[in-house]
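Participant: One structure, as structure tokens, below. Some questions next.
The values are calculated or read from the model by the stated rules, or taken from the named source; none is laboratory data. The structure displayed is predicted, hence computed values, not measured ones. Note: areas computed on protein heavy atoms with side chains; ligands, DNA, RNA excluded. Shrake-Rupley method; radii C 1.70, N 1.55, O 1.52, S 1.80 Å.
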Amino acid sequence: MSKRTAIVAALAFACIAATAQAQDYPSRPITLLVPYAAGGGNDVMARIVAEKMSRSLGQQIVIENKGGAGGSIATRQAAKSPPDGYTLALGGTGTLAINPTLYPNVGYDPRKDFAPVGLIATSALVVLVNPAVEARTIPELIALAKREPGQLNYASAGTGSGIHLGAALLAHMAGITLTHIPYKGSAPALTDLLGGHVAIYLSSLPPAVTLVRDGKVRALAVTGPKRSPVFPDLPTVAESGLPGYEAVLHYGIVAPAGTPKPIIDKLSSALKAALTEPDLRERVAADGAEVMSTTPDEYAADIDREETKWSEIVKLSGAKVE
């Protein structure tokens, strides 16, 4: 047998083996690593999707919460897991687009170390200010910041968070200087916004609704490419004088690189079916997010675009976590 014939035969055997493996898949429970603590919005989203996919696949998808290093620990574990379809991870803007630049040794390559299954949802933020801030629109906020360079501060859920970098992008595009005050989580940051200790905060949508309605904070704009059903009368930042501005968070499911395509296709089909369920779409909307169903190839392209965009924002913000 020639070398060329041997290679062709080996490839054919590998394809047959992968197809046979996919036909039997899944034959046992699947683990979905969620790189954050239980109880948060990401965790709830993952559990709803996992429940729906479990029904389609005929095997339970078990959620394993593993926080730490901004989600990098669980994501790194997923990258190094056997590529057999039995270990998946909830991927997101933080873990796949921000952390590879934010952490010097994150331990994985978002493009090379994963086989994308598909996106789940996209979520915008809302620009909030304390009522004492003399600005009711984004242009007024920019004008105020230009009159008082560095005097306006903004809270974030931590250095390198989407909230931090969304505000950094706004400041960069507007040509203003804002002072960053990082907190250990969203709750204390929002508390200090209410107390007037910080002026600005880019919040997820659900907790902002009641606060805005009760006049405890003022909403200026949403950070997505279009207006949000949660705040239909609120303009986008892009509409408000910063064309091209967009700061949204994406969430999806990834498997380790090398997972056979037939298995990825089976998982992708189960995910797409789950995302058509009305109760799932309602639950995602209740969290201020919007279902965003894609093919594996479309999600791979999204990861590439998002990492390119957010790595530049991390660099211009000067954010770094040792």
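Participant: For V44 and E148 in the same chain, what is the full-extension length gain: residue separation times 0.36 nm, less their Cα-Cα distance, in nm?
Facilitator: 33.3 nm
Participant: Given a 1.4 Å probe and the protein chains all in place, what does the accessible area of R305 round to, in Å² to the nearest 10?
Facilitator: Surface accessible to solvent at R305 totals approximately 140 Å².
Participant: Over the heavy atoms of K261, what accessible area does a 1.4 Å probe trace out, to the nearest 10 Å²?
Facilitator: Per-residue accessible area (K261): approximately 140 Å².
Participant: For segment 117-160 and segment 219-263, compute the distance between their C-alpha centroids and round to whole Å.
Facilitator: Their Cα centres are 16 Å away from one another.
Participant: Segment 64-214: Rg/Rh from Cα coordinates, Kirkwood Rh?
Facilitator: 1.04
Participant: Check the straight Cα-Cα distances from K80 and name the lysines below 19 Å, setting aside those fewer than 8 residues away within the same chain.
Facilitator: Once the sequence-local lysines are set aside, what remains near K80 is K66, K112, K261.
Participant: For segment 170-242, just list the percent of Cα-Cα distances falling in each 5 Å bin from zero outward, please.
Facilitator: 3, 15, 24, 23, 21, 14, 1
Participant: Another question, then. T236's amide H: which non-local residues (gap 5+, or another chain) put their own amide H closer than 5 Å, with H modeled 1.01 Å from N in plane and none for Pro or chain starts?
Facilitator: Amide H to amide H, under 5 Å and 5 or more residues apart or across chains, T236 pairs with V222.
Participant: Related question: If one takes the longest principal axis of the Cα atoms in the chain, at what angle in degrees, from 0 to 90 and to the nearest 10, does the Cα axis of helix 138-147 lie?
Facilitator: It works out to around 60 degrees.
Participant: Find the Rg to Rh ratio for the chain, where Rh is the Kirkwood radius over alpha-carbon pairs and Rg uses the same atoms. Kindly include the intermediate steps, with their values, before the conclusion.
Facilitator: Values: Rg = 21.4 Å, Rh = 20.7 Å.
Taking Rg over the Kirkwood Rh, I get 1.03.
Participant: Further question on the same structure: Excluding residues fewer than 8 places away in the same chain, name every one of the lysines whose C-alpha is closer than 20 Å to that of K315.
Facilitator: none
Participant: Next question, about the same structure. In whole angstrom, note down how far apart the Cα centers of segment 67-106 and segment 271-322 are.
Facilitator: Cα centres, segment 67-106 to segment 271-322: 14 Å.
Participant: Kirkwood Rh and Cα-based Rg: tell me the resulting Rg over Rh for segment 121-160, rounded to two decimals. Before the final figure, lay out the partial values.
Facilitator: Numbers: Rg = 12.2 Å, Rh = 11.9 Å.
Using only Cα positions, Rg/Rh for segment 121-160 is 1.03.
Participant: With a 1.4 Å probe and every protein chain left in place, tell me how much accessible area D265 has, in Å² to the nearest 10.
Facilitator: Using a 1.4 Å probe on the heavy atoms, I get roughly 60 Å².
Participant: Under the rule a/c < 1.5 gives rounded, and otherwise a/b versus b/c splits prolate from oblate, where does segment 16-109 land using the Cα gyration tensor? List each step's numbers first, then the result.
Facilitator: Details: a/c = 2.78, a/b = 1.45, b/c = 1.92.
Judged from the Cα gyration tensor, segment 16-109 comes out oblate (a/c at least 1.5, b/c at or above a/b).
Participant: Also, I was wondering about something else. Rounded to the nearest 5, what % of the DSSP beta bridges within the chain are antiparallel ones?
Facilitator: Working: 26 of 41 bridges.
Restricted to the chain, the bridges split so that about 65 percent are antiparallel.
Participant: 222 nm [θ] for the chain, helices only, -39500 (n - 2.57) per DSSP H run of 4+, per residue, to 500? Let's see the in-between values first.
Facilitator: Numbers: 11 runs with 137 residues, N = 322.
When only DSSP H runs of four or more count, the value is -13500 deg cm²/dmol.
Participant: Show Y36, Y251 ordered by accessible area, largest first, where the area counts protein heavy atoms only and the probe is 1.4 Å.
Facilitator: Details: Y36 70, Y251 35 Å².
These residues rank, largest area first, as Y36, Y251.
Participant: Shifting gears a bit: With the cut-off at 1.5 for a/c, could you classify segment 226-322 from its C-alpha gyration tensor as rounded, prolate or oblate?
Facilitator: Numbers: a/c = 2.50, a/b = 1.22, b/c = 2.04.
Oblate is the answer for segment 226-322, as a/c is 1.5 or above yet b/c matches or exceeds a/b.
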